[in-house]
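The values are calculated or read from the model by the stated rules, or taken from the named source; none is laboratory data. None of the values given here were measured: they were computed from a predicted structure. Glycine gets a Cβ as well: all are built from the backbone with ideal geometry, and neighbour counts include every protein chain shown.
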Amino acid sequence: MVDERVLAERLISYDTSRLEDLVAAAGFVKGWLESRDIEVIHHDHNGLPVLVAEVGPTSPRVPCVVFHGHLDVVPGRAEQFAPRIEGDRLIGRGAYDMKGGLAAMMCALKDLERQDQVLVRLVCVPDEESEELDERATDAFVKRGLGGGFAITGEPTDLHIGIQAKGVLAMWIEVHGRAAHSSTPWLGDNAVLKAIDAFRAIETLPFSRESSELFDRPSINLGRIEGGDAVNKVPDQCTMAVDVRYLPGQDPGEILEQVRAIPGLTVERVFVHPPVTVDRGDPHVRALRDAVSRTVPDMEALSVGRDGASDAAAFLKAGIPVVEFGPAGAGHHGPEEWVSLSSLARYRRALGDFVRVLPIWLEQREPGTGGLRAIEGGLA
């Protein structure tokens, strides 16, 4: 049997925050699957590689599920792309988000090639971590009718089932002041200091104190701030990027109105990514819960809310139920990102078991939550 650990290590070794390594890593994924007699179709999206591979029957009468993963990562230090193992931990950039999960999905696809009840489609996209505001690869993929009947995006969830995810309201904000010599700052109006004050005001707006069943609060982050053009000058202009992860049920338009009511700032650009909410009683979710319980009998299946956003919203916009479900680990986007090797093996088995039991659950289609229990807050 192919070792998902070795495959994950190889994927981590590519610095896929850079275009050249992203293209090389996609070439490796394509070659790995094709060497195992799985056909891969290469699509181009804005000059970036999108890979699609399928196993199982192609009849329109059988259910189709999508394993959705991304190859790109946020930038890291050079040493983070040299994976290392400490006990059960595979450490490296992207280990948890989400090259470990992608490696297990690739292995699961091979494991499932001989089953004849479900069409399983693996899609590997290159731009989940992108800051670009234009259409992403997953949006284009789903619009082409390739979203299937249910999707699992392999974002890290510690083997729990993510039925909700926060939405994204990203704002690029400008603050203006008055220039002066740095020796007499009282004669000026420091735009950088005004921007910091404006961000603190955003943190105290009414929307920031709201909660929901799975989340105790929205998330607010000052991701970037730039101001000033000389050390001996009071800066008269400052721009900042504020990332709000809002709750299902909150209106991003209302949040934007609250922000714009703060004196002294101008919202120049906005990006909105909708939240994700899937019914716990959906038969696909219940089948996945059953598969997880079989694979990890000592762990209670939980439905969780995810603080982070993902491409899952692209499926929901097309009316396709989707969950986030990935292996265990910690530290994504941080200096010591890691994924549990034992959870990778369990994750791979759970994906396979899910596909094998899915037809039974689709035939039953009984109402109910399928034993899922909600916990507060996002795991990743």
Q) Listed residues A201, A195; which is surrounded by fewer than 18 Cβ atoms within 10 Å (Cβ to Cβ) and either over 26 Å from the mean Cα position of the chain (by Cα) or within 30 Å of P57 (Cα to Cα) (or both)? A) A201
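Of these, G92, G101, G69, which one is surrounded by 22 or more Cβ atoms within 10 Å (Cβ to Cβ), modelled with pLDDT of 95 or more and over 27 Å from L288 (Cα atoms)?
G92
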Q. Pairs under 7 Å by beta carbon, first residue in the same structural domain as I320 (by TED's automatic domain parsing) and farther than 16 Å from M106 by Cα in region 63-85, partner part of a loop (DSSP other than H, G, I, E, B) and of a type in the set (K, R), six or more apart or different chains?
A. V73/R93; G76/R93; Q80/R93; F81/R93
**Q.** Enumeration of residues in region 245-283 that are of a type outside the set (A, V, I, L, M, F, W, C) and assigned to a helix (DSSP H, G or I)
**A.** P252, G253, E254, E257, Q258, R260, P283
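Being among the aliphatic types (A, V, I, L, M) and in contact with a Ser or Thr (Cβ under 7 Å, 6 or more places away or on another chain) is the filter here, so list the residues in region 245-279 that pass it.
Across region 245-279, the qualifying residue is only L247.
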Q. Can you name every residue in region 229-241 that is buried (at least 17 other Cβ atoms within 10 Å of the Cβ) and either of a type in the set (G, A, S) or at pLDDT below 95 (or both)?
A. A241
**Q.** Filter result for the condition that a residue is touching a Leu at 6+ places or on another chain (Cβ under 9 Å), at pLDDT 85 or above, assigned by TED's automatic domain parsing to the domain that holds D88 and farther than 30 Å from G87 by Cβ, over R286, R280, R346
**A.** R286
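Listed here are the residues, each with its yes/no results for (1) loosely packed, with under 15 Cβ neighbours inside 10 Å; (2) among the acidic types (D, E).
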| site | (1), (2) |
| --- | --- |
| D243 | no, yes |
| Y246 | no, no |
| Q250 | no, no |
| E257 | yes, yes |
| R260 | yes, no |
| E268 | yes, yes |
Q: Go through the residues of region 44-58 one by one and say whether even a single one is of a type in the set (A, V, I, L, M, F, W, C), surrounded by 14 or more Cβ atoms within 10 Å (Cβ to Cβ), under 30 Å from V285 (Cα atoms) and touching an Asp or Glu at 6+ places or on another chain (Cβ under 6 Å).
A: yes
